[in-house]
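Q: Quick one: the structure is below, and I'll ask about it shortly.
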Amino acid sequence: MSEYQRICLVHYHKIGLKGHNRASFEQRLLNNIAYILKDRPIESIRRISGRVCIHFSEGISFEDSCSIAEAIKGVPGVARISCGYVCDRTMEDIDDASVQAAHDVAPFNTFKVAARRNHTDFPVHSMQMNCIVGDVLSEAFPDATVRMKDPDAIVHVEVIEGAAYVYARTERGVGGLPVGTGGRVMCLLSSGIDSPVATWRLARRGAECIGIHFSGRPQTASTSEYLVDDIAHVLERTGCIARIYVVPFGDYQRKIAGAVPPQLRIIIYRRLMFRVAQRLARDEKSKALATGESLGQVASQTLDNIAATDDAVSMPVLRPLIGMDKLEIIDNAQQVGTFEISSQDAPDCCTLFMPRAPETHARIGRVHAAEASLPLDEWVEGIAAGAIVHDYRCASYMSRKHPHATSSNDSQ
């Protein structure tokens with residue numbers, strides 16, 4: 001039996017609905033995958049028959065191919081991945097490749113064959129291939145029986161122009177759209193559980209995500225900054241974060257705490273954060289801000305307080321988690337891989353100078369009056385100028401030069 005070249009087929013669904021833009025979406029997905037796999041044993045990556053096909057280097061082990069497939073699964077835009085083999089368009093090669101593909105998912109008690117020919121110049125039609133390959137598999141796996149509904153294993157055979165693709169190992173991907181197809185968003189990013197999930201969910205919709213982290217430094221330790229960097233390294237594995245601005249915010253909170261009514265402190269903090277985020281977002285040509293807020297989860301996340309905070313900026317503010325409860329958000333954080341990092345205790349700006357009884361139904365007039373004496377424009381420019389920037393690996397992001405920027409490798 002011949003050894004056939006291992007391949008991975010990347011399937012997508014939403015991209016296929018994009019009409020005239022489909023080619024650009026497919027190319028963006030291909031580029032994103034290629035960027036993530038650039039140090040892996042890959043021979044080529046190209047589009048074929050409505051999918052992306054990855055040809056592994058000769059001699060790659062089954063374990064290494066599984067590791068690469070695991071990395072691809074989390075890339076936004078990937079609906080499903082199938083690992084198998086490419087062979088010549090002869091029934092002998094297809095039969096042998098089918099047995100190899102079946103061994104990749106063995107043991108199994110039941111199986112079926114799903115064959116399809118995309119070109120009628122191949123003389124064997126789909127139903128005939130099902131029967132021929134099924135007979136070969138029955139010989140190779142005598143303890144397994146054919147079952148057409150819900151079998152343990154499905155061996156797929158696809159005959160296209162110039163080659164045949166055979167696979168049985170298939171897994172669901174993260175879905176969504178390729179990063180870089182949905183515009184750029186400035187995401188308020190803490191070391192907690194919620195905001196990394198919000199960032200990831202926006203990346204799954206094609207957004208290029210730029211983070212901004214408001215640290216309690218120098219009023220608190222810089223622990224939260226290290227945790228946010230750890231979170232960013234998780235997100236960058238699948239290209240879901242491009243850059244993070246780290247903003248020391250503690251001194252400004254102290255000034256606000258001494259100048260405004262205690263119950264309005266949180267609202268004023270957040271309004272200043274939004275102003276700074278909008279200022280940096282415009283530099284980045286971001287089209288919206290985003291937060292990890294969930295309706296009613298804490299005092300600052302009531303409808304009245306959300307409206308009072310949004311009043312400080314003119315950009316749209318996206319809230320991907322607004323209708324989710326904490327358990328759903330935790331499930332997402334575990335899926336992404338940020339939950340363990342976010343579960344670590346770290347002092348940050350959210351816990352600084354907290355009032356005993358924060359306002360839950362802020363009125364815009366009182367908020368405006370409370371911050372009227374604050375030099376907000378001066379503060380915004382000063383905070384923005386002092387931001388420290390960390391860049392991460394994101395295929396679609398063209399980095400804007402910044403005097404305080406460090407690369408992902410530098411920040412490790």
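Q: Can you give the angle from 0 to 90° between the axis of helix 223-236 and the longest principal axis of the chain, with both taken from C-alpha atoms, to the nearest 10?
A: 30
Q: Would you calculate the separation in nanometres between label points at residue 39 and residue 66, each defined as 7 Å from the Cα along the Cα-to-beta-carbon direction?
A: Spacing of the two 7 Å Cα→Cβ label points: 2.3 nm.
Q: Moving on. Would you look at the GNM of the chain, springs on alpha carbons closer than 10 Å, and say which of 235, 303, 318 moves the most?
A: Result for the chain, Cα springs under 10 Å: 303 fluctuates most.
Q: Over its Cα atoms, what ratio of radius of gyration to 2.2 N^0.38 Å does region 129-229 give? Could the numbers behind the result be given before it?
A: Numbers: Rg = 24.4 Å, N = 101, 2.2 N^0.38 = 12.7 Å.
For region 129-229, the normalised Cα radius of gyration is 1.92.
Q: Tell me, what HN-Hα J-couplings in whole Hz come from the Karplus equation 6.51 cos²θ - 1.76 cosθ + 1.60 at θ = phi - 60° for each residue of region 95-111, using x for Gly and Pro?
A: 4, 5, 5, 5, 5, 4, 4, 5, 4, 5, 10, 5, x, 8, 9, 9, 8
Q: Here's a follow-up. Under the Karplus relation 6.51 cos²θ - 1.76 cosθ + 1.60, θ = phi - 60°, what is the ordered set of whole-Hz ³J(HN,Hα) values for region 42-54, x standing for Gly and Pro?
A: 10, 8, 7, 9, 8, 7, 9, 6, x, 9, 9, 10, 10
Q: Right, something else. Express the relative contact order of region 184-411 as a whole percentage, based on alpha carbon pairs under 8 Å and six or more residues apart in sequence.
A: 31
Q: Residues of region 80-107 with backbone nitrogen within less than 15 Å of a virtual label 7 Å along the Cα-to-Cβ line of residue 2, please, listed as ranges.
A: Counting backbone N atoms under 15 Å from the label point, the list is 85-101.
Q: Okay, moving on. Which peptide among 151-164, 122-135, 173-186 comes first, and what is the full order, when sorted by highest mean count of other Cβ atoms within 10 Å?
A: 173-186, 151-164, 122-135
Q: Quick one: length gained pulling residue 334 to residue 372 fully straight, 0.36 nm per residue minus the C-alpha distance?
A: Net length gain for the segment: 9.4 nm.
Q: Which semi-axes, in whole Å and largest first, does the equivalent ellipsoid of region 287-337 have when worked out from the alpha carbon gyration tensor as the square roots of 5 times its eigenvalues?
A: Equivalent-ellipsoid dimensions as semi-axes: 22, 14, 6 Å.
Q: To continue, here is another question. Provide, as a two-decimal number, the C-alpha radius of gyration of region 217-338 over 2.2 N^0.38 Å, N being how many residues it has.
A: Dividing the Cα Rg of region 217-338 by 2.2 N^0.38 Å gives 1.14.
Q: Next up: Taking Rh as the Kirkwood radius, which is the inverse of the mean 1/r over Cα pairs, what is the Rg/Rh value for region 184-411?
A: On the way: Rg = 16.4 Å, Rh = 17.5 Å.
Using Cα coordinates only, the ratio equals 0.94.
Q: Which of 90, 238, 302 comes first, and how do the rest follow, when ranked by fewest Cβ neighbours within 10 Å? All intermediate terms of the calculation are to be shown ahead of the outcome.
A: Details: 90 12, 238 26, 302 17.
Ranking 90, 238, 302 by Cβ neighbours within 10 Å, fewest first, gives 90, 302, 238.
Q: Can you list the equivalent-ellipsoid semi-axes of region 79-131, largest first and in whole Å, using the square root of 5 times each Cα gyration tensor eigenvalue?
A: 20, 13, 12
Q: Residue 48's amide H: which non-local residues (gap 5+, or another chain) put their own amide H closer than 5 Å, with H modeled 1.01 Å from N in plane and none for Pro or chain starts?
A: Excluding prolines and chain starts, which carry no amide H, the hits are 53.
Q: Follow-up. Return the FRET efficiency for the residue pair residue 125, residue 295: r is the Cβ-Cβ distance, R0 is 45 Å, and the value is rounded to the nearest 0.05.
A: With R0 = 45 Å, the Cβ-Cβ based efficiency is 0.20.
Q: Let me ask you something else. Note the count of lysine pairs whose C-alpha atoms are less than 20 angstrom apart in the chain, limited to pairs 8 or more residues apart or on different chains.
A: 5
Q: Here's a follow-up. With axes computed from alpha carbons, what is the tilt in degrees of helix 126-140 against the longest principal axis of the chain, rounded to the nearest 10 within 0 to 90?
A: 80
Q: With r as the distance between the Cβ atoms of residue 357 and residue 20 and R0 = 51 Å, compute the FRET efficiency 1/(1 + (r/R0)^6) and round to 0.05.
A: Plugging the Cβ-Cβ distance into 1/(1 + (r/R0)^6) gives 0.35.
Q: On to the next question. Given C-alpha coordinates of the chain, what is the ratio Rg to Rh with the Kirkwood estimate of Rh?
A: Working: Rg = 26.1 Å, Rh = 23.7 Å.
Across the chain, the Cα-based Rg/Rh ratio is 1.10.
Q: Also, quick follow-up: Pull up all non-local amide H partners of residue 288: gap of 5 or more, or a different chain, and H-to-H distance under 5 Å with H placed in the peptide plane.
A: Correct list: 186.
Q: What number do you get for region 5-172 when its Cα radius of gyration is normalised by 2.2 N^0.38 Å, N = residues?
A: 1.04
Q: Relative contact order for region 5-172: what percent, with Cα pairs under 8 Å and sequence separation of 6 or more?
A: Reported as a whole number, the value is 26 percent.
Laboratory data are not the source of any read-out in this text; all were calculated from the coordinates shown. Note that the structure is predicted; figures quoted are calculated from it, not measured. Using ideal geometry, Cβ is built from the backbone for each residue, glycine included, and neighbour counts are taken over all protein chains shown.
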